[in-house]
Structure formats: C-alpha cells, structure tokens
Amino acid sequence: MKIGIVCYPTFGGSGVVATELGLALSKHGHEVHFITYKQPVRLELVSHDVHFHEVNVSEYPLFHYQPYELALSSKLVDMVKVHGIELLHVHYAIPHAYAAYMARKMLQEEGIYVPIVTTLHGTDITLVGSHPNYKTAVEFSINKSDAVTSVSESLKKDTLRLFDIENEINVIPNFIDMEKHEYSFTDCQRDMMASEDEMILTHISNFRPVKRILDIIHVFNGVQKQFPAKLMMVGEGPEKEQAELLCEELGIEEKVIFFGNSGEIDKILCFSDLFLLPSETESFGLAALEAMASGVPVISSNTGGIPEVNIQGVSGYMSEVGDIDDMVSNAIYILSDPERLQEFKQNAKNEAKKFAIDKIVPQYEAIYEQTFTKCMTH
Ligand code: GMT
C-alpha cells in the first residue's frame with residue numbers, strides 16, 4: 001500500500017513512533033511518504049520506498065501566525081495526486097487530523113477518496129486538545145477520521161471522557177525494536193560516564209513541566225546520599241535551566257550530566273541502572289519502554305498509561321505523582337542488592353518484549369486494510 005505519514009519531526013514520542021512505524025512498514029513492502037515540515041529525527045535514510053516531502057510555510061508580513069494547516073493540507077492534496085498515496089496516517093490530532101480532513105475534502109471534489117487513520121498520542125488529548133481553544137476542532141477531526149487509534153487503554157478512556165466521540169477507538173500500544181537495544185555492557189563504554197562503584201540513573205524527555213523535572217533531581221539527591229551515583233539528564237526543554245540551578249543549590253552539580261538532545265539514546269540506556277519518569281501525566285511513556293528494552297528498570301509515577309508499561313514490583317516501581325520519598329525508597333530497594341538489580345533488569349527486558357515491533361506493526365497494517373476496504377466499498 002502507498003501510505004502517507006504525517007507527524008511532528010522532532011524528538012517527541014509521537015514523531016519517534018511515526019518514524020519507526022514508517023520504516024517498519026517499508027520493510028513489509030509498503031511505500032511510505034513522510035509529509036512534515038522537517039526530516040524526522042529518526043529518519044536517517046530515505047530510499048526508493050521511503051520518501052520525505054517537506055511542507056514549506058512561507059513568511060508573509062500580514063500573518064501574525066503562519067498558516068501551517070493550510071500549507072500541510074495543500075501539500076497532502078498534491079502528494080496524494082503525484083504519488084498515488086492510498087491512505088493517510090496522521091499522528092497527533094492537532095493540527096494533523098484537521099489538515100488531513102481538509103485535504104480529503106479537496107480531493108473528493110476531484111473524485112479521489114483518501115482514507116484517514118488518526119493516532120492519538122496523549123498531549124493532543126489530555127493537555128492541549130481538550131482546551132476550549134481547540135476542543136471543537138479536535139473533536140470534529142477525530143469523528144471525521146475513517147479510523148482512530150490510541151496508544152493506550154488509559155488514553156482511550158481519557159478521550160472518551162473529554163470528548164463526544166462517535167468513532168470506535170482502537171488501542172494499538174507503542175512498540176519497540178528489541179534488536180536495537182541488544183548492546184552488551186562491554187560495547188557501551190560505561191567507564192567513560194562513571195566509576196565502577198557508581199550507579200547510573202537516567203531521565204530522557206523534552207523537559208516540559210508535565211515531566212516534573214525537579215522531582216527527578218530530588219529523587220536522585222535522595223539516592224546519591226545512600227550510594228555513589230550519577231544522573232544522566234537527556235533532552236532539551238523549558239525546565240532544564242531550573243533543574244541545573246537546583247543541582248547547584250543541592251551541591252550535586254558534579255554528579256549530574258546534562259546531555260541535551262542526543263541521537264545516542266540506545267548507548268546511554270545501555271550503561272544505565274535505573275530510569276526515572278515521575279511525570280504528571282503520560283499516555284504511554286515510550287521513554288520508559290525504551291529503557292526497559294535496554295534492561296533498565298523504571299521508577300515512575302502511576303499516572304495515565306504508565307501502569308500498562310511499567311509493572312509494579314516486576315519491571316520497576318510506581319508511586320503517586322510527586323511522592324518523592326516513595327520513589328527514593330523504591331530506587332534504593334532496587335539498587336541496594338546486586339542480585340535484585342539484575343533480576344529487575346531482566347524483568348524489564350522481558351516486559352518490554354510484550355511490545356516487540358513484530359507484534360504491533362501488523363495491528364496497524366490490519367487497520368489500514370480494514371479502513372481502505374471499508375472506504376472503497378462505500
Ligand atoms: O511526552 C511528550 O511530551 C511528547 C509526546 C508527543 O506527543 O510526542 O509524547 C506523547 O506520545 C508518546 C508516544 O505515543 C507517549 O509515549 C507519551 O507518553 C505521550 N506524552 C504524554 O502523554 C505526556
């Protein structure tokens with residue numbers, strides 16, 4: 001099938017999922033067209049069956065806000081016509097589902113019907129989408145999609161609670177390519193980061209307020225009072241500066257490394273002992289799944305879709321949002337006994353296998369088939 005994928009091309013989870021999905025689909029014989037404003041970060045190579053089409057928004061002094069949806073919907077129409085794209089899969093409702101709906105309408109005028117599959121990722125529903133400024137248009141575009149998927153049961157429930165949804169919502173969880181996480185400790189130069197007796201704790205995100213970045217610093221502070229330890233902070237975002245200041249205030253700045261955005265996530269996870277994700281809300285927690293696939297247990301909050309990924313007492317522990325003391329004592333419990341740590345590492349890997357790419361991608365292909373057939377027979 002010829003599939004157009006619309007996503008955010010940045011370091012966020014939805015863009016990562018969309019890109020990995022597109023690459024996997026191309027390996028299954030589909031022709032994939034990424035349509036977005038920049039080449040997605042995890043899309044290293046384009047090839048004869050993986051294409052990238054850039055959406056350009058030209059600056060014009062009259063516009064206070066540049067009309068990206070307009071440029072995107074025009075580009076979608078053009079790309080469907082030029083490349084014979086048979087189905088559009090849009091990741092993140094805002095504004096992608098809305099732009100796809102407009103493109104489908106324009107194409108219908110020319111006798112072409114392109115089905116739309118919309119995948120809801122989380123903040124498009126829980127944080128931004130349900131805001132009164134956007135709600136009407138988001139609800140409309142979800143209901144006008146030909147198929148809708150969400151990345152967790154929790155997100156499905158939130159969507160049904162926050163919007164008046166007429167469409168069925170199919171839960172297709174995020175996935176992981178286990179092979180990419182098959183490093184061994186000798187490959188990943190752990191000694192460059194910490195001495196042998198130091199534990200390595202890691203956090204990866206876009207450092208937005210929803211990630212509760214300061215909680216991470218406080219949890220690490222509690223842990224490092226018990227053992228020699230280092231904290232790897234990977235990513236960029238609005239809370240980073242405050243986190244750096246807090247480290248100085250607590251006198252732990254020498255023990256915390258801020259990497260910025262990194263293309264070497266697998267390597268960093270390879271030498272990590274524990275992953276921290278104390279988010280306020282999280283529809284799935286792809287970063288936690290990536291950690292688990294690398295054999296890194298997770299200390300997290302128990303919010304949103306996290307309990308569908310991080311299994312209490314098996315792959316790690318969950319606490320109430322903001323319960324720093326509980327997170328510290330859970331972290332210390334896992335790290336204090338080498339055998340226990342090994343067991344949690346192995347468990348984390350085993351739990352991650354439930355989300356292996358070869359189990360999940362066929363679920364998307366089945367949705368494409370059903371949707372295409374349904375739309376073509378009506
Ligand atoms: O977590 C973020 O801030 C990025 C955001 C995104 O849209 O890229 O992530 C959301 O989608 C990911 C992929 O499906 C999920 O794993 C994240 O849990 C979800 N983030 C939130 O719900 C806060």
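The values are calculated or read from the model by the stated rules, or taken from the named source; none is laboratory data. Predicted model only: the values in this text are computed from it and were never measured. Note that we place each Cβ from the backbone using ideal geometry, even for glycine, and neighbour counts take in every protein chain shown. Heads up: the accessible areas ignore ligands, DNA and RNA and are worked out on the full protein's heavy atoms, side chains in. Shrake-Rupley method; radii C 1.70, N 1.55, O 1.52, S 1.80 Å.
The residues in the stretch 77-100 that are within 15 Å of S145 (Cα to Cα), more than 16 Å from the ligand (Cβ to nearest atom) and surrounded by 24 or more Cβ atoms within 10 Å (Cβ to Cβ) can be counted, and the count is 3.
Against the condition modelled with pLDDT under 95 and open to solvent by less than 10 Å² (accessible area, probe 1.4 Å), how does L231 come out, does it pass? No; evaluated as a whole, the condition is false for this residue. Quick check on my filter: what residues within the stretch 153-177 are among the charged types (D, E, K, R) and farther than 15 Å from G304 by Cβ? Once the filter is applied, which keeps residues that are among the charged types (D, E, K, R) and farther than 15 Å from G304 by Cβ, the stretch 153-177 yields D164, E166, E168, D177. Screening D191 with (1) open to solvent by 40 Å² or more (accessible area, probe 1.4 Å); (2) over 30 Å from L269 (Cβ atoms); (3) outside any loop (DSSP other than H, G, I, E, B) gives one miss only, at (2). For first residues located in the stretch 192-212 and more than 16 Å from the ligand (Cβ to nearest atom), partners that are open to solvent by 20 Å² or more (accessible area, probe 1.4 Å) and lie 6+ apart or on another chain with Cβ distances below 7 Å form the pairs M193/K230; A194/K230; D197/P228; E198/P228; E198/K230; M199/F227; I200/M193; I200/K230.
As for the stretch 369-378, it holds at least one residue that is more than 22 Å from K230 (Cβ to Cβ), hydroxyl-bearing (S, T, Y), part of a helix (DSSP H, G or I) and at pLDDT below 95.
Residues checked against (1) in the same structural domain as S14 (by TED's automatic domain parsing); (2) over 17 Å from the mean Cα position of the chain (by Cα); (3) within 25 Å of V296 (Cα to Cα):
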| site | (1), (2), (3) |
| --- | --- |
| E139 | yes, yes, no |
| N143 | yes, yes, no |
| D146 | yes, yes, no |
| T149 | yes, no, no |
| E153 | yes, no, yes |
| L162 | yes, yes, no |
| A194 | no, yes, yes |
| N206 | no, no, yes |
| N221 | no, yes, yes |
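Checking each residue of the stretch 296-312 against the condition of being more than 16 Å from the ligand (Cβ to nearest atom) and surrounded by fewer than 23 Cβ atoms within 10 Å (Cβ to Cβ) gives at least one match.
Contact map, the stretch 28-48: residues that are within 18 Å of V82 (Cα to Cα) paired with residues that are basic (K, R) and open to solvent by 60 Å² or more (accessible area, probe 1.4 Å), Cβ distance under 6 Å, separation 6+ or inter-chain. Pairs shown: E31/K2. Looking across the stretch 49-76 at every residue that is among the aliphatic types (A, V, I, L, M) and surrounded by 11 or more Cβ atoms within 10 Å (Cβ to Cβ), the one that is nearest to I112 (Cα to Cα) is identified as L76.
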